[in-house]
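Engineer: Take this structure first; my questions come after.
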Amino acid sequence: SNTYNFLAFDIGATSGRSIIGTLCNGKVELKELTRFPNKIIHIHDKYYWDVFALYEALKDGMRAASSQNIKIDAIGIDTWGVDFVYLGEDGSVLGTARSYRDPYTVGIPDEYFKIIPRKEVYELTGIQIMNFNSLFQLYAAKREGSSALKAAKEILFMPDALSYLLTGKKVCEYTIASTAQLLNPTTKKIENKLLEAIGLSPSIIPPVVMPGQIIGNLNSILANECGITDAPVIAIAGHDTGSAVVSVPAENENFAYLSSGTWSLMGIEVNDPIVTEDSFAMNFTNEGGVDGTVRFLKNITGMWLLEQCRKEWEIAGRQYTYPEIVALSGSVNGFQSLVDPDHPSFANPECMTKAIVDFCKKTNQKSPQSDAEFIRCIFDSLALKYKYVLGCLQKVAPFPIEKLHVIGGGSQNKLLNQMTANAIGMPVVAGPGEATAIGNIMMQAKGLGLVGSLQEIRDVIRRSVSPETFYPQDTGQWNEKYQDFLTILAP
Ligand code: LRH
């Protein structure tokens, strides 16, 4: 038949889902099977992910597919970036993965730059310097005397680690290696020097494979247990942001995108890395994508602030659905208090509402009081930060940016979409909300040879989704508030 079913596992820093994508007559349709939390576990002074709980969640997803009698043609896994597991000589997972929110990397880049200067690390990788990049996590682990690192023969990035648990095959998929700050964006090879400089052997990284390559079949015992037959696991764009940007339903190249989830990743798609004085000074990244594309972008702290506030409110007995959050935010006046979402004090505070209040006090602003005021403060601040980063992009983009495509879970927030359009003075095209899963699914289809170029993939996606456009309003007021915002931005 000409109908294919792909099982996509899309795991973000807050939650994961298993989704069936059905490709039929040049269109793709999605059906969610399961949803599961992905929690950071705090043990003593360290933060981890529960890799084995994720493995169980993958099994649940496969069982759900088989119990609905869906014949799976392939499986693909994408996750958040930079984190990894250590593998011992015997192929077993040593401990569990450390979380990038663990402050063990604070100050580590500067230590690393004593060995290889900051500028050279940037030139070799084109990747924005962030504490938690895998390169710096490895150095932090080394300096801590990590037993897992000492015993490790290899490391596997999260999507590759989960694919390994399913298949027993070890790969290092290109897009997830790229965001690790270990890969040269021009040669597309691991930059051995970066590892050797901190006394690590480049052999800890398995062979780099391109998205679309088949990793292997499911372990047969596991396949039997879950009722799945003959489904290869495919190395898709294992970095969730890479999968998401595949799904931008753009007709031409004159766009910027905002992949909106726990993080807001704002950037443009280019054919060659942009590694210049400007990009270095603005600390923009060049992440490897599918079909030789490069995502020139910046990480903006996104829904993390809201997610952390929600956790507190839940403990206090106040649980809000997403529509309630949006309604609350619209119920109070805007621009009462503004924060820089990327201020380091918001990276992993014990209490997010307190961190926001402290920021407002330090910057001589009124502090939010009600939950609604906190929500509004976060949305106002995000929209203004988007304007700021878009301005940086416009300075270096090799084409005129005419619209902003907002994709991912956050694109379902209509109020924030409208606020963003108002702030940037440009149309915002919102959707698909399941961009990452769609990108995952379409790269599985590519792995099976059912679709070709990225252009062809986007044609399928455009036929399958119906994005909504938001046009700017009140731009005068937003421009005025932007001037206030600039005064509270972290240097
Ligand atoms: C978004 C994301 C982002 C990374 C961060 C760690 O989920 O993958 O691209 O920088 O998580």
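None of the figures in this text is laboratory data; all of them are computed from the coordinates on show. Quick caveat: nothing in here was measured; it's all calculated off a predicted structure. Cβ coordinates were reconstructed from backbone atoms using ideal geometry, including for glycine residues, and neighbour counts include every protein chain displayed.
Engineer: Just checking, which of 21, 26, 16 is within 26 Å of residue 446 (Cα to Cα) and within 16 Å of the ligand (Cβ to nearest atom)?
Structural biologist: Just a single option satisfies the conditions, and that option is 16.
Engineer: Let me ask you something else. In the stretch 261-277, how many are farther than 18 Å from residue 130 by Cβ and not polar (S, T, N, Q)?
Structural biologist: 5
Engineer: List the strands (runs of 3 or more DSSP E) inside the stretch 190-289, counting only whole elements, that have at least 3 residues being not β-branched (Val, Ile, Thr).
Structural biologist: Passing ranges, in order: 213-217, 255-260, 263-270, 285-288.
Per-residue answers, yes or no, for (1) over 21 Å from the mean Cα position of the chain (by Cα); (2) outside any strand (DSSP E or B):
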{"site": "18", "(1), (2)": "no, no"}
{"site": "23", "(1), (2)": "yes, no"}
{"site": "34", "(1), (2)": "no, no"}
{"site": "41", "(1), (2)": "no, no"}
{"site": "55", "(1), (2)": "no, yes"}
{"site": "58", "(1), (2)": "no, yes"}
{"site": "62", "(1), (2)": "yes, yes"}
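Engineer: For the stretch 1-13, what are the residues that are more than 16 Å from the ligand (Cβ to nearest atom) and within 20 Å of the chain's Cα centre (by Cα)?
Structural biologist: 7
Engineer: Out of the stretch 131-154, which residues are of a type in the set (A, V, I, L, M, F, W, C) and either surrounded by fewer than 19 Cβ atoms within 10 Å (Cβ to Cβ) or more than 16 Å from the ligand (Cβ to nearest atom) (or both)?
Structural biologist: 141, 148, 149, 151, 152
Engineer: Given the condition closer than 21 Å to residue 54 by Cα, of a type in the set (Asp, Glu) and out of contact with any Cys (no Cβ under 7 Å at 6 or more places or on another chain), answer yes or no: does some residue in the stretch 154-177 qualify?
Structural biologist: There is at least one residue in the stretch 154-177 that is closer than 21 Å to residue 54 by Cα, of a type in the set (Asp, Glu) and out of contact with any Cys (no Cβ under 7 Å at 6 or more places or on another chain).
To keep it simple, each residue is scored yes or no on (1) surrounded by fewer than 18 Cβ atoms within 10 Å (Cβ to Cβ); (2) more than 15 Å from the ligand (Cβ to nearest atom).
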{"residue": "42", "(1), (2)": "yes, yes"}
{"residue": "45", "(1), (2)": "yes, yes"}
{"residue": "54", "(1), (2)": "no, no"}
{"residue": "57", "(1), (2)": "no, yes"}
{"residue": "60", "(1), (2)": "yes, yes"}
{"residue": "65", "(1), (2)": "no, yes"}
{"residue": "69", "(1), (2)": "yes, yes"}
{"residue": "72", "(1), (2)": "no, yes"}
{"residue": "75", "(1), (2)": "no, yes"}
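Engineer: Scan the stretch 223-247 for residues that are surrounded by fewer than 24 Cβ atoms within 10 Å (Cβ to Cβ), out of contact with any helix residue (DSSP H, G or I) (no Cβ under 6 Å at 6 or more places or on another chain) and under 20 Å from residue 10 (Cβ atoms) and report the count.
Structural biologist: 2
Engineer: Please determine, by comparing only the residues of the stretch 254-291 that are acidic (Asp, Glu) and within 23 Å of residue 210 (Cα to Cα), which one is farthest from the ligand (Cβ to nearest atom).
Structural biologist: Top of the filtered list is 272.
Engineer: Taking the conditions exactly as written (within 16 Å of the ligand (Cβ to nearest atom), in contact (Cβ under 8 Å) with a residue 60 or more places away in the chain, assigned to a loop (DSSP other than H, G, I, E, B) and not basic (Lys, Arg)), does residue 81 satisfy them or not?
Structural biologist: When the stated conditions are applied, residue 81 passes them.
Engineer: Looking at the stretch 439-446, is at least one residue under 17 Å from residue 462 (Cβ atoms) and not aliphatic (A, V, I, L, M)?
Structural biologist: Taking every residue of the stretch 439-446 in turn, at least one turns out to be under 17 Å from residue 462 (Cβ atoms) and not aliphatic (A, V, I, L, M).
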